[in-house]
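Let me begin by presenting the structure, written as structure tokens, before commenting on it.
Derivation of every value follows stated rules applied to the coordinates shown; laboratory data play no part. Just so it is clear, the structure is predicted and the values come from calculations on it, not from any experiment. Glycine also receives a Cβ, built like all others from the backbone with ideal geometry; neighbour counts cover every protein chain displayed.
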Amino acid sequence: MERAERYNEWLYQRCRPHLGPCVLDVGAGTGTFAKRLLADRRTVVAVEPDPELAAVLRGRLGNAPGFTIVEGEARDATGTFDAAICLNVLEHISDDEAALVDLRERLPRGRLLLLVPAHPALFGDIDEALGHKRRYSSQGLSALLARCDFRVEELRFVNPAGAAGWIVSRFLVRRSRIPEGALRLYDTAVPLLKQLDRLRLPFGLSLWAVARPRLR
């Protein structure tokens, strides 16, 4: 999804109103969102466990002012943050509850911005090829966040058009990967998809959550 520039910008603009000056970028990859955070003159700590991706990230952004790379997991990042972005990452982590607890400790008064794949019934070959451990229901994600001592401010389905395309790939065409042509077409259609997303339909490809730690 790194090449889907319109889609990634759409995600970033969803996060932007909730960000503070110091942001933890969880599962930073090669810098898809870190570069946008830095362009907004924020201080960024980018966490990436994959050594190869971390090396690419260092080559791209390693000398940027206010930027720190942690080759590891959220628990390896020191200090506290105004916000943490965790976009299409949590579903890859075996112990998602432990990961959220680690994030809770780094956000004493900040916000967690979370995007995960929705609807467990849609789990299939594409998920496995992408390294997903699970998909989430709204009730399950809400309960998970509560167990990890987060208070949910917003939780909703997003990207209903993407859900329709996923259903076609999963059940009708039975693909095991997302075709490049379909991804390019989807990225081109983002302006229209943003309008559809405003309808707040009871389904979508992903779940979007904004949460704050409960005060202790």
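Calculate, in nm to one decimal, what SER137 and ASP95 gain on full extension: separation in residues at 0.36 nm each, minus their alpha carbon distance. Working shown, then result.
Values: separation 42, 0.36 × 42 = 15.12 nm, distance 1.68 nm.
Gain in length upon complete extension: 13.4 nm.
How far, in nm, would the chain grow between LEU215 and ARG147 when pulled straight, counting 0.36 nm per residue and subtracting the alpha carbon separation? So the chain would gain 23.1 nm between LEU215 and ARG147. Along the stretch 103-119 the Karplus relation, 6.51 cos²θ - 1.76 cosθ + 1.60 evaluated at θ = phi - 60°, assigns HN-Hα couplings of 5, 4, 6, 9, 10, x, 9, x, 10, 9, 10, 10, 10, 9, x, 9, 6 Hz to successive residues, with x for each Gly and Pro.
Annotation: amide H-H contacts under 5 Å for SER206 (H modelled 1.01 Å from N, sequence separation of 5 or more, or interchain): ALA118, VAL158.
I'd like to know which of GLN139, LEU199, GLY110 lies farthest towards the positive end of the charge dipole of the stretch 5-213, counting +1 on Cβ of Lys and Arg and -1 on Cβ of Asp and Glu. Among GLN139, LEU199, GLY110, the one farthest towards the positive end of the dipole of the stretch 5-213 is LEU199.
Can you tell me the length gained on complete extension of the stretch LEU201 to GLU105, counting 0.36 nm per residue apart and subtracting the Cα distance? Walk me through the numbers on the way to the answer.
On the way: separation 96, 0.36 × 96 = 34.56 nm, distance 3.31 nm.
So the chain would gain 31.3 nm between LEU201 and GLU105.
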